[in-house]
Amino acid sequence: MRSKDKISYFYDGDVGSVYFGPNHPMKPHRLCMTHHLVLAYGLHSKMEVYRPHKAYPVELAQFHSADYVEFLNRITPDTQNLFPSEMARYNLGEDCPVFDNLFEFCQIYAGGTIDAARRLNNKLCDIAINWAGGLHHAKKCAASGFCYINDLVLGILELLKYHPRVLYIDIDVHHGDGVEEAFYFTDRVMTVSFHKYGDKFFPGTGDMKCKFILFDGTPAPLMNTSRFAYRGFILKDTGERDGRFYSINVPLKDGIDDGSFTRLFKTIISKVVETYLPGAIVLQCGADSLAGDRLGCFNLSIDGHAECVRFVKKFNLPLLVTGGGGYTKENVARCWALETGVLLDTELPNEQDGTDIFGLSSGYYCSSSILGRVLLVRTLICLKRQITNKQSSIRIVWIRTEHSQLKLAVSTGIELLTECREEFFFPEIPDNDYIKYFAPDYSLKLPGGHIENLNSKSYIGTIKMQVMENLRCLQHAPSVQMQEVPPDFYIPDFDEDEQNPDERVNQHTQDKHIQRDDEYYEGDHDNDNHTDDA
């Protein structure tokens, strides 16, 4: 049991500024909202925060085809009409549009996951977080499901340099098909995906059963498949060759709730870890499995979603945590901020402590304007005259309304005094640049939904039995022959002599040359001294 986990957190504000286009459900702005909640709760002070490097094309090509990476690098909204055949070949268009700064967006979120894996490999942290990552649908030669570069595959490839086995867990409402496909023929990665399956739900993969598919796309009965041998093929979502039974899928129906989901999750993941003995875990925390998501259909509360994160953390294995789907952006921000707290073993309070004003113990205090602060101070002066000694403990709440009016409530422990005589409440979310998105209740926790739960006990039991049967087919955790650890991907050096002093250096370039005080310490405390003898 580790005494205290060391957490690395990756964020670049530029990743949240891209725009997929009008009416597109993917809103990278959710990442800015998440980060500001992390800051508002003070979680950044409990972990190391890094700006990720922009992944180089050669790094992206460790999984993706070089021609696909090159096309992403040069295509722009203004030139896409000139390449209709390439746009179709790489599945770019409506779901995966070409927008301004597309390639830079891919470089940043992929760079964050690669950096996270490297820090875990070098034991510089126990847990690494990249909420911008988790784009699990991207294929080797094509975009898919709002995903262009599969950062998860790139991160896992990094982890495999140091770990013989890596476990990938996916709690997005959509099947993690891109990651499963990438490692479908190997036993060095076990993929476990909990997702909605059926009713033509995207991406249409992730069943746990074998089925016979005709070449025209229609399923046929498995019995007597020899009659159809020349007309189709058998599809198994369990892995093939060396990877047989190393792809685990948990296909769920609409409306699954916290109790059913978490019980099934804990049962399966416990058995997987016991059987597979992974050296590291990658956890994709897609928030579209939450109740109320624009594209989801589950009933999970934020607490239920976070319970899965809490459970995986208890294995005390190197853990890489990413985001993923999530299309009701205020709920995504709530979820990932809360789960950052879970990874830090920090419970986020329901009420925020404010600043002591006039010697009084105040509660939540926020103001966006000088006028607001003046009005609040004047009101406090009036209230102070009315407060006796036994009423010296005051809780203050000031809330913005739609029309920029003030609502002020003061709790003295005996009675409530309100300036406006309007309704008031004690908001859970502290003041931040995106506070208006969390109206009207400004709460952190999101309750479960009310969609009918179509996952009967017998259906859940069948899933559990099938998964356990597949795991019993694995005799033992696979081993890997010893070999030299491959180097990190090539990153060009920075030559100060070649730099134009009149040219402005961007923030990314400057950040690359910021060094920790102990990074190159000559002596016993050198971070790398223990590796010199290896």
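The values are calculated or read from the model by the stated rules, or taken from the named source; none is laboratory data. These numbers come from a predicted model, not from an experiment. Cβ coordinates were reconstructed from backbone atoms using ideal geometry, including for glycine residues, and neighbour counts include every protein chain displayed. SASA here: full protein model, heavy atoms, side chains in, ligands and nucleic acids out. Shrake-Rupley method; radii C 1.70, N 1.55, O 1.52, S 1.80 Å.
Normalised per residue, the accessible area of segment 37-108 is 47 Å², obtained with a 1.4 Å probe and no contribution from ligands, DNA or RNA. Roughly what would the spin-label model give for Lys266 and Ala439, points 7 Å off Cα along C-beta, in nm? Label-label distance for Lys266 and Ala439, simple model: 4.0 nm. Extending 7 Å from Cα along the Cβ direction at Asn122 and again at Asp488 yields two label points whose distance is 0.4 nm. Residue pairs exceeding 31 angstrom between C-alpha atoms, taken from Lys6/Lys266; Lys27/Lys140; Lys139/Lys196; Lys46/Lys253; Lys200/Lys314; Lys161/Lys313: Lys46/Lys253; Lys200/Lys314.
What is the extension gain from Arg89 to Arg472, computed as 0.36 nm multiplied by their sequence separation minus the C-alpha to C-alpha distance, in nm to one decimal?
Gain on extension, Arg89 to Arg472, equals 133.9 nm.
What FRET efficiency comes out for the pair Asp78/Arg310, r = Cβ-Cβ distance, R0 = 56 Å, nearest 0.05? Show your work: numbers first, answer last.
On the way: r = 47 Å, r/R0 = 0.84.
Using R0 = 56 Å, I get an efficiency of 0.75.
Beta carbons within 10 angstrom, averaged per residue: use that to sort the peptides 276-286, 77-87, highest first. Each step should come with its number before you reach the end.
Working: 276-286: 23.5, 77-87: 11.8.
Listed from highest to lowest mean packing, they are 276-286, 77-87.
Given a Förster radius of 41 Å and the C-beta distance between Lys464 and Gln62 as r, what FRET efficiency does 1/(1 + (r/R0)^6) yield to the nearest 0.05?
After rounding to 0.05, the efficiency reads 0.70.
Net length available on complete extension from Asp100 to Thr186 is 27.3 nm, with 0.36 nm assigned per residue and the Cα-Cα distance removed.
Counting only Cβ charges, +1 for Lys and Arg and -1 for Asp and Glu, the dipole size of segment 34-185 around its Cα centre is about 600 debye. Of the solvent-accessible surface of segment 123-211, computed with a 1.4 Å probe over protein heavy atoms with every protein chain present, carbon and sulfur atoms account for 58 percent. Please work out the FRET efficiency for the pair Glu347 and Tyr19, using the Cβ-Cβ distance as r and a Förster radius of 41 Å; give the result to the nearest 0.05. In this case the efficiency is close to 0.70.
Could you rank the peptides 324-336, 293-305 by their average count of other C-beta atoms within 10 Å per residue, with the highest value first? Mind dumping the intermediate values first?
Numbers: 324-336: 25.6, 293-305: 22.8.
Highest to lowest by the protection proxy: 324-336, 293-305.
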